[in-house]
Structures are given as structure tokens and as C-alpha cells.
Amino acid sequence: SLKKGYVAGYQLRAQIAFDAKDYKESINQLSQAIVLNPQVSDLYVSRGMLYNQTGAYVDAANDFRMAFNLNSNPNTAYLLAQADIKINAFEEATTLVDALVKANPDNADIKDLKDKLQQAKNPTPVVQPTTDTKKVDTKK
């Protein structure tokens with residue numbers, strides 16, 4: 001259909017902009033594609049990854065959440081959990097990580113994600129060095 005052609009065109013322009021490291025334009029092109037076809041979860045995943053790369057973690061989490069609501073696959077759940085950890089949405093991240101662990105108990109990436117979540121929820125206090133850090137003049 002004509003709409004699919006337009007969506008594909010926006011996706012192509014988004015990829016070209018991405019390859020040129022013009023992430024803002026790539027996000028803009030994907031946003032245009034989403035307006036035309038808001039039911040395609042992959043568009044939200046792609047834009048969410050760009051938001052993540054540019055440090056817009058709340059926007060990334062929102063896009064991953066939209067994608068997950070449209071198509072609740074494990075890869076999207078993983079991306080959403082990662083984003084939720086970055087924005088300190090620990091309750092949401094815990095729900096996702098627990099479901100991922102239950103479905104894939106031996107997956108190393110999911111185990112790492114669970115560890116990152118635990119570290120984010122319970123950060124290790126920074127211990128200040130107790131040694132004297134003054135420079136010693138050795139030119140005597």
C-alpha cells in the first residue's frame with residue numbers, strides 16, 4: 001500500500017541519517033514513520049535505541065514501553081528493563097527482569113541485567129581513601 005511505501009521511505013531516510021551519525025534527523029524520520037503507522041513495534045524499538053544512544057533515557061523507556069505493549073517479546077522486555085534501570089524505575093524493571101529470568105533462567109545476559117538492577121537499587125557506598133595523597137617532593 002501507499003502508506004507502507006511512505007513508512008519504508010522514512011525508515012530508509014532514518015537509516016541514512018543514522019549512518020551519517022545525525023541521530024536527531026534519524027529520530028525525526030522514525031517519528032514520521034510512527035505517525036503513519038503507530039502499530040509497528042519495531043519503529044518504537046529503533047527510535048528507542050536512538051534515544052538511548054543520545055542519552056534521552058526517559059524517551060527511550062517510553063518508546064520501549066510502547067513497543068512492548070504492542071509486541072511483548074523478550075528482546076523488547078530486555079531493552080525496556082535496561083531503560084527503566086537507567087531512569088531509576090526499579091519497580092517496573094524488577095517486574096520485567098523477574099519475568100525474563102523465569103522464562104530464560106540460564107541466559108547470561110539476563111543474569112547480568114539482574115545484577116545491574118540489584119547494583120542500581122543498592123549502590124555500593126563510595127569509600128574515601130584514608131591514605132595521605134599529598135605529593136612527596138623527591139627532588140632533594
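General observations
- Residue pairs whose Cβ atoms lie under 6 Å apart, separated by 6 or more positions or on different chains, with the first residue in region 5-26 and at negative phi and the second crowded, with 17+ Cβ neighbours inside 10 Å and hydroxyl-bearing (S, T, Y), are A14/S26; A17/S26; F18/S26.
- Cβ-Cβ distances below 7 Å connect the following pairs, each with a first residue in region 109-125 that is open to solvent by 90 Å² or more (accessible area, probe 1.4 Å), a second residue that is in a helix (DSSP H, G or I), and a separation of six or more residues or different chains: K116/I85.
- Filtering region 15-22 for residues that are under 30 Å from K121 (Cβ atoms), open to solvent by 30 Å² or more (accessible area, probe 1.4 Å) and not acidic (D, E) leaves an empty set.
- Matching helices (runs of 4 or more DSSP H) fully within region 33-87 where at least 2 residues are free of Cβ contacts under 8 Å to residues at least 24 places away in the same chain, open to solvent by less than 20 Å² (accessible area, probe 1.4 Å) and within 21 Å of V7 (Cα to Cα): 57-70
The values are calculated or read from the model by the stated rules, or taken from the named source; none is laboratory data. Fair warning: this is a prediction, and the values are worked out from it, not measured in the lab. Neighbour counts are summed over all protein chains in view; Cβ atoms, including those assigned to glycine, are modelled from backbone coordinates with ideal geometry. Only protein heavy atoms, including side chains, enter the accessible area calculation; ligands, DNA and RNA are left aside. Shrake-Rupley method; radii C 1.70, N 1.55, O 1.52, S 1.80 Å.
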